[in-house]
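Take a look at the structure below.
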Amino acid sequence: MDGAQGTSVSLVDLHAMSDLERAELLRSATDPSALLAGLTSQLSNLTLTDLTLATSLAPALIGLADSAAITSARVDARATASNAMSYANRFDRALLLLEEAREIAAAATDLKDQARVELAFVQPLARLGRFSDAVRCAEAAVRLYQSVDDLIMAAKGNSNLGVIHRMRGDAESAIRHFDLALSALRGDLAVEAQLESNRAEALLDLARFREAETSFRRAIDAFSETPHRRGLAIVEGNLADLLGRQGRLQASIRHFERAQRMMEDDEAPGDAARLGAERAEVLLSVGLIDEAVETFGQSLKVLDAHGFANEAARARTGLGLCQARLGQLEAAEATLQQAASDFAGIDARSGLADAHLALARVLLEQGRLDAAWALTDDVMNGDRGHVKRVEIAMLRARILLEQQEYSRALETVDAVLNTDDAGLRPLTQADLLYHRGRALLGDGMRDAAIAEIEASINEIERIRGTLLGDRLRTAWLGDQLAPYQHLLALALEENDARRVFEVIESIKSRTLLDVIRGGIELADQVVRVSRGDAGEAHLVRELTTLRTELNLTFDRLHGTQPDSEGREALARRSRLLERDIATLEGRIAATRRFGEIFGRPIDATGLCHALDSDVALLEYFVSNGQVGAVVVRDGQFIVHGSLLSEAAMHEMTERIAFQVDRGLAGASRSGVRAQRLVHHAQRELQELHQALIQPLEDHFDTASHLIVAPHGALFGVPFHAAFDGTSFLVERYPLSYTPSSSLLPTLQDAPQSRAGRTVVIGVADELAPEILEESLALAETLRDATLLLGADATLDAVREAVADAGLVHFATHGAFPSHDPFAARLRLGDQWMSVRDVYALELNGCAVTLSACEAGRSAVLAGDELFGLIRAFLAAGASSMITSLWAVHDESTRELMETMYRTQNAAGRASMLATAQRRLLEHRRHPAFWAPFFCIGGAS
Amino acid sequence: MNADHNITFETIVGHVTGELPADQSATLAQQAEANASLARMIAAIRSVITALREPQDNPTEAALARARQLIDLQVGVLPFGFEPAGLVIAELVEDTRDPSSMYGLRGEATAYQLSFEADYAEVHLHVTSEAGGNCRVRGQVDVFEPSNDDIRVALRRSGREALIETEADDTGQFKLEVEPATYDVIVSVGLRTLLVPSVEIG
């Protein structure tokens, strides 16, 4: 540490001294004022570099200044200490110090000291939401400094006034004061950086995005030239906030992460929390609602505890919007009412307008249209009306659409589009175009409406293209489906089957297609490619620790009975670990740059080229609560828009799963008791046939192979076991499945390495002893297979063995926790192989069989994005998969697998599986035993 | 369970029907000698099982009185529409919570299933834990002989009178969502009532 002016004493030395030693220090100083000024300067610097040390050393400085009885030194020491306290969010302590300083300065009648104190008051008062008091102090400081011709300090006073005006929602006044300050203070990089940052925030309030971004970037450049990491972190966070509001979500997340890494070691939890709340706003925009709720919740606790009134109210507004998106409308209303009341309490008008507009959205969702409109009136007529005009117009357009006032809705939207076109954020633009499309449709202008909805979708796709993470893209599209669904409904009305098909494909497993094309990063790849960045290295270390703990948790879960007390605790721990791992992966990925490659969805013509002439495709979808299907056969597209209700689909899926579980529980039954279970299962599978197969059958009955692209819950349904009262569908056709039609050519184009060797991995135990038999039998049937058994089947050995394989067969235990699809896993000899481990495999187009429980189950997110082992294996390069929909019976699975591999069949793996299933069902009539497996890809 | 002893209803029924292992049965008999409440309960259950599990066109007044005694003792007042005269206690025949039930499966059980049988019907329960902490019970009542009787299912939490009630569909299936606890499962098939006492759910 530098010594104080004229001495070699540091604040740390001073802190360690006894009273006698301090008195001696003053006595021996040639210039006590210079000594104290030097120590005060040290405290000021420490505030920016080591806040904890600064707050702990401050009392020693104040004590020394009091002992010296030098007025300006006593005032300076207190003002500087109060500044440190404010930075540490200890505002009450800061105000007490300043009251003392004010008394000392007033008694001495020194105008400069008085000005110094008044200026120091501004920050803690403003942070506590006492804006009027803060303005009074700042104006007093400016006047006092001007009266003594200290124009630099007067400029700092203007800077503070700008901050307060902005906090209370008067951005124009704020910018005026910042400009005054900047004109006097250019040249001091740190000060200039702070002023540019503040000015940018005010510009942001006025939706002057481009000017704001320029100011933020100037601030970042200036701060980068100074040692003020904290200031840099805050501006990075502010820029991230700006980018998020503009819909540049990926860039926003990257800057938030940079800021967060810089903030992590900081001792000002309030600012980190503010940053967290702003980051949560972006998460909300991306559609990661659960993550946003959690981040808002964590931030709010800190903001409330440290008295950040304005920031807390803003976070509360975000939380209310999340609750509304989750359908918790009453809770949302209460949260937003509180936010509005908090903003009103501190006279923060911009925030109040935001809270009122958010509340109006909730009222609209509740159907309280008049109340919602009245709130938009309040905002429009308030002094924020002109700033919030776009948000007001969007809300009013939605209200008018609900009221079927289409022409007025159109006028409202057009007024914004015509005047604000250049400055509109892409997110807003997409919304406005969609509203415009709906309004045009209401007015009977169908073609124009379709064009606008398509334009809206183009905006959504453009934003989607900027998002680089698997989760981000999935969440984003899943959250923006309304225009796509509307377009689908319009195509259905026209009975345009080709168009219906193309719209379905534009929303079906799109991110999986991107993943398979290699265009976005996968969780595990992020971790493997550590760049040695210090901030990143500790995140990677933490991630490794969490993943090890998660694997141990899987081990403990294995074999634990479903009703045992510890199981729920272990499952809960597993979910928490999974959540923390996903958050860390997201943070590590945020600052990486990956190539952007997009898998384009297939169009109708492309599909016709991709399908062999003897194949029929059945692709299911949901529109307006009804399950429909497109059948594609011989270049013909036929659509059925209403096969059964979505609710009935869910019930049917659950009933089939129930009968499967009953069948497995009754495995030891025989005679009438066993027949009863077969009868029950067949009855449900007959319902499946009647609802989803029979109405389509005339269109595909000449085909010799069916490909099914399910939708939503139907991904858990064994279509091959659909029963027509006489036979099962698989007895008439081999079936294969695909997450979407767009994946068909992708899977077929995969670099097949069928000539590669076969790898059989078998991990048997006392619960499933037939695994060993199966593995040995397959190794013999498939010849020259690499056999990895039991303890030899380690994760490392598997990684190495599969790299050049043409076929990989896993016979082992599997698990799929439905609430936590990233915890889907297969048991190996040394550990569990999770979804993340599978992502890291290099499969090079091989065929994969997962002869294990539930290995083909997936959590199906909006947009039919599958999360589980299927996604992981396809992403790792598998060209086809045979895997299971439910828990599999050890003995019947061995039998099925042995039969299947003996039936080497040129027609492909789906045909091999179908042959084996037909043989098995001859003597194992219950579908629980013969029907769990299905084939993805493998059509020929 | 009972305030005067901690023997479950199922254990007593097992003792009465001879399904309890001999050593446990002997211990129970010894306990009953020293515990009047337990002895009364064993006697009541034995008499009702004897009286009502045999097909009888016209149960005697005494048998009905004993049935009511049992109902008061164990079930409390049956809800309206559940006919005490035809009461039958069902036996547990499948329980996937038994560790041996995992044998032969290549995975972990996340739900558990229980099956109970009486002479004319089987009740199957499939229990899963919901994220919010409640339990989802999907079940099916199989009536062995063809029957058009309506099937009603009620769950009564031990020690409480309130019922969680539903009607089974035409395939005998039903579903309920309940808090984890011990319940009596009461099933009515026409005029007959089947009781599955003290089922732990969750």
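Quick note: the coordinates plus some simple rules give every number you see, no bench work behind them. As the structure is a computational prediction, the values presented were derived from the model and not from experiment. For neighbour counting, all protein chains shown are included, and Cβ atoms are generated from backbone atoms with ideal geometry for every residue, glycine included.
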**OP:** May I ask which residue of A:SER509, A:SER215, A:ALA803 lies farthest towards the positive end of the charge dipole of chain A, with charges of +1 (Lys, Arg) and -1 (Asp, Glu) on Cβ and the Cα centre as origin?
**Re:** A:ALA803
**OP:** Can you bin region A:157-205 into rounded, prolate or oblate? Criterion: square roots of the alpha carbon gyration tensor eigenvalues sorted a ≥ b ≥ c, rounded for a/c under 1.5, prolate for a/b above b/c, oblate for the rest.
**Re:** prolate
**OP:** Compute the Cα gyration tensor for region B:88-201, then decide on rounded, prolate or oblate, letting a ≥ b ≥ c be the square roots of its eigenvalues: rounded whenever a/c is under 1.5, prolate when a/b is larger than b/c in the other cases, and oblate in all that remain.
**Re:** oblate
Subject >> Exercise: per-residue mean of other protein chain Cβ atoms within 10 Å, A:814-822 >> reply: 2
Original post:
With each run of n ≥ 4 DSSP H residues scored as -39500 (n - 2.57), what mean residue ellipticity at 222 nm is computed for the protein assembly as shown after dividing by its residue count and rounding to the nearest 500 deg cm²/dmol?
Top reply: -18500 deg cm²/dmol
Subject >> Amide H contacts under 5 Å for A:THR786, placed H, 5+ residues apart >> reply: A:THR758, A:VAL759, A:VAL760
**OP:** List the trypsin sites (Lys or Arg not before Pro) within region B:134-170 that fall in a DSSP loop (any state other than H, G, I, E or B) and whose Cβ has at most 14 other Cβ atoms within 10 Å.
**Re:** B:ARG160
Subject >> Size of charge dipole - the protein assembly as shown - debye, nearest 20, with Cβ of Lys, Arg +1 and Asp, Glu -1, no other charges >> reply: 1560 debye
Subject >> Cα-Cα separations in region A:28-136 greater than 23 Å, expressed as whole percent >> reply: 22 percent
Original post:
For A:GLN328, what is the net charge nearby, where nearby means another residue's Cβ is under 15 Å from its Cβ and Lys, Arg count +1, Asp, Glu -1?
Top reply: -2
Original post:
Using +1 on the beta carbon of Lys and Arg, -1 on that of Asp and Glu, and nothing else charged, what's the dipole of region A:872-940 about the Cα centre, debye to 20?
Top reply: 160 debye
Original post:
GluC sites (Glu not before Pro) within region A:665-743: which are DSSP loop residues with at most 11 other Cβ atoms inside 10 Å?
Top reply: none
Original post:
Which of A:MET652, A:PRO710, A:VAL672 sits farthest toward the positive end of the charge dipole of region A:586-735, with +1 on the Cβ of Lys and Arg and -1 on the Cβ of Asp and Glu?
Top reply: A:VAL672
Subject >> Low-density loop cleavage sites - GluC sites (Glu not before Pro) in region B:115-195, where at most 15 other Cβ are within 10 Å (DSSP) >> reply: B:GLU130, B:GLU161
**OP:** Quick one: grab the alpha carbon gyration tensor of region A:781-831, order the square roots of its eigenvalues as a ≥ b ≥ c, and give me rounded if a/c is under 1.5, else prolate or oblate depending on whether a/b is larger than b/c.
**Re:** prolate
Subject >> Dipole in debye (nearest 20) - region A:1-109, about Cα centre, beta carbon charges: Lys, Arg +1; Asp, Glu -1 >> reply: 180 debye
Subject >> Dipole of chain A, positive end: most advanced residue of A:GLN480, A:LEU782, A:LEU490 [Cβ charges, Cα centre] >> reply: A:LEU782
**OP:** For B:LYS175, go through the aspartates and glutamates and keep the ones whose alpha-carbon is under 17 Å away, minus same-chain ones fewer than eight residues off.
**Re:** A:GLU651, A:GLU654, A:ASP661, A:GLU684, B:GLU122, B:GLU130, B:ASP142, B:ASP150, B:GLU165, B:GLU167, B:ASP184, B:GLU200
Original post:
Between A:ASP347 and A:SER41, what FRET efficiency comes out of the Förster formula 1/(1 + (r/R0)^6) with R0 = 51 Å and r the beta carbon distance, rounded to 0.05?
Top reply: 0.90
Subject >> P(r) weight above 48 Å for the protein assembly as shown, C-alpha pairs, percent >> reply: 44 percent
Subject >> Proximal aspartates and glutamates relative to A:LYS156, as straight alpha-carbon distance under 14 Å, when same-chain residues fewer than 8 apart are discounted >> reply: A:GLU118, A:GLU139, A:ASP179, A:ASP188, A:GLU192, A:GLU196
